[in-house]
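The values are calculated or read from the model by the stated rules, or taken from the named source; none is laboratory data. Keep in mind that this is a model prediction, so the values were computed, not measured. Cβ coordinates were reconstructed from backbone atoms using ideal geometry, including for glycine residues, and neighbour counts include every protein chain displayed.
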Amino acid sequence: MRVHQVLSGAGPHDAITTEALVFRSYFRRWEWGGADYAARIAPAVNGSVEQLGRLRPGPGDVLLIHHSAGVPRLHELLALPNPKLLLYHNVTPASWLWNHAPLVGVQCAIGRQQLPELVGAVDVAASDSQFNAAELRARGASRTEVIPLLVDLERLGPTLPRAGAAAPKPAEGPVIMFVGRLSPHKRQDELIRVFAQYRRHREPGARLMLVGDPIAPGYTDSLHALAGALAPGAVTIESGLEARELGDRYRSASTFVCLSEHEGFCIPLLEAFHFGLPVIARPAGAVPEVAGDAALLVEDRDPAVIAELVNLAITDSALRAELGRRGRARLERYAPDAVAQRLRSAVERTAEVARARDHTGVRR
C-alpha cells in the first residue's frame, strides 16, 4: 500500500500538518509507502512536506486529501484515477477574516466552494468530528466516517501530578491560558476582556497567557494594544513554541479558557485535559462533542459572568478534582492507537471502493 497525503497548506505548528506527520509515522509502521504534499508550505516546515506540483502517484496509490482551505487546480488532482479519501477538517468562515487577513479569507472562501466538488469526486468521505461530518452530508456525501484527530500528547513532555486540592498559585498569581491561532474567530480579544474583569475584581496578580501563531501581524498588534489598555503587563502572547515549550506553558497554567466562535475539532482541549487543567469553553462547533462532560461549557457572553466561572474553576478544589477526573476519562476516547485503526480501516476501505468502482463503473 502507498498513501500520498495532500494538504491545503503546511506549517510548523499547524494542527493538520502535525497530524499528517503523525499519520506518516503510522504508515511507516504499517510498511506503507508514499509522501506528503501541500499547496502552500511555510519555510520552517524544512522539507518534511513537498510541493503539490511534484505529486506523481503510481497506479493504485491512495490519495488522502486533508481539506481545510482552497486548493489550486483542484480539478487536476481530482481527475487522477487513484483511490481518494477525503478527510475534512472544516474551513474557517471567511467572514471572520476579511478585515485582518483577506488573503486567508479568499483561501477559506474557495475552500468552502470546493467542498461539493470534493465530496462528489472521492471514494470515501471522512471528517475528524461529527460536526464536520454533518457538513459533508449537507454537501452531498451519502455516507461519512469520523476519524478524530490523532494527537501525540507525549510530545509535550511529562505532566505534573495534580492533587486537585487547589490551583497552582505562583507568587504572582494564577495563570489563565488559551492555545489557538491568533485569529479573530478564536476570540482572544474577548478573553482579554474577561481576564481584565477577573483581575480587577478577583485576582489582581493574575496573568493571561495566549499561545498561537499569528494569522496576520496587524491582528496580533491589535491584541497587544487591547491587553496594554485593559491589563497592562499581565498578558503574554507567544508564537512559534516547540512542543516541549508548549508543555511547559500548560504545566504553569491554572485553568484553560476557550471562547472560540468556530472549531472543527480543537486539539488544545485534549492537551488541557492531558495536563489536568479545568477547562471553560464556549460550546461552538465541535467543542461540545470533543469536550463531552469534561469542561464547563458557557454560552453567556457577559465578561463578568465568564470571569466568575474562571474564579470558580481556580478556587473550587472539588470542582477541579472532578473536572480533572473527567478530562482523563475523556482522553480515552482519543487514544492514538484506536484512532490509528480507524484511519487504517478508512484507507483500506477507500482502496476497496475504488477497485469496485473501476470494475463496475459505479461509486458505492
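Quick one: is Ala229 more than 28 Å from Glu289 (Cα to Cα), without any contact (Cβ under 8 Å) to a residue 12 or more places away in the chain and not assigned by TED's automatic domain parsing to the domain that holds Trp98?
Answer is yes for this residue.
When the range 54-80 is examined, which residues are found to be among the hydrophobic types (A, V, I, L, M, F, W, C), free of Cβ contacts under 8 Å to residues at least 40 places away in the same chain and not in a helix (DSSP H, G or I)?
The answer is Leu80, and nothing else.
Which count do you get for residues in the range 1-17 that are surrounded by 20 or more Cβ atoms within 10 Å (Cβ to Cβ) and outside any loop (DSSP other than H, G, I, E, B)?
Total satisfying the criteria: 11.
Identify, please: which residue in the range 26-50 is part of a helix (DSSP H, G or I) and either touching a helix residue (DSSP H, G or I) at 6+ places or on another chain (Cβ under 8 Å) or modelled with pLDDT of 95 or more (or both) and is, among those, surrounded by the most Cβ atoms within 10 Å (Cβ to Cβ)?
The selected residue is Phe27.
Given the range 262-364, what helices (runs of 4 or more DSSP H) lie entirely inside it while holding 1 or more residues that are modelled with pLDDT of 95 or more, surrounded by fewer than 18 Cβ atoms within 10 Å (Cβ to Cβ) and more than 17 Å from the chain's Cα centre (by Cα)?
So the answer is 303-315, 317-331, 336-360.
Determine if the range 81-102 includes at least one residue that is assigned to a helix (DSSP H, G or I), in contact (Cβ under 8 Å) with a residue 40 or more places away in the chain and over 17 Å from Gly264 (Cα atoms).
No, that holds for no residue.
Could you tell me whether any residue of the range 236-256 is without any contact (Cβ under 8 Å) to a residue 24 or more places away in the chain, assigned to a helix (DSSP H, G or I) and at negative phi?
Yes, the conditions are met somewhere in the range 236-256.
Could you say which residue among Val106, Val91, Val119 is touching a strand residue (DSSP E or B) at 6+ places or on another chain (Cβ under 7 Å) and either within 25 Å of Val62 (Cβ to Cβ) or not basic (Lys, Arg) (or both)?
Val119
State the number of residues belonging to the range 39-83 that are in contact with a His (Cβ under 7 Å, 6 or more places away or on another chain) and within 22 Å of Gly105 (Cβ to Cβ).
Looking only at that region, the number is 3.
For the range 82-104, how many residues meet the condition of being modelled with pLDDT under 95 and farther than 30 Å from Gly218 by Cα?
Adding up the residues that qualify gives 0.
One line per residue, one yes/no per condition, for (1) over 18 Å from Leu259 (Cβ atoms); (2) modelled with pLDDT under 95:
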{"residue": "Ile110", "(1), (2)": "yes, no"}
{"residue": "Ala196", "(1), (2)": "no, no"}
{"residue": "Ala206", "(1), (2)": "no, no"}
{"residue": "Pro217", "(1), (2)": "yes, yes"}
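Keeping to the range 186-218, report how many residues are in a helix (DSSP H, G or I), surrounded by fewer than 19 Cβ atoms within 10 Å (Cβ to Cβ) and of a type outside the set (D, E, K, R).
Counting residues in the range 186-218 that are in a helix (DSSP H, G or I), surrounded by fewer than 19 Cβ atoms within 10 Å (Cβ to Cβ) and of a type outside the set (D, E, K, R) gives 3.
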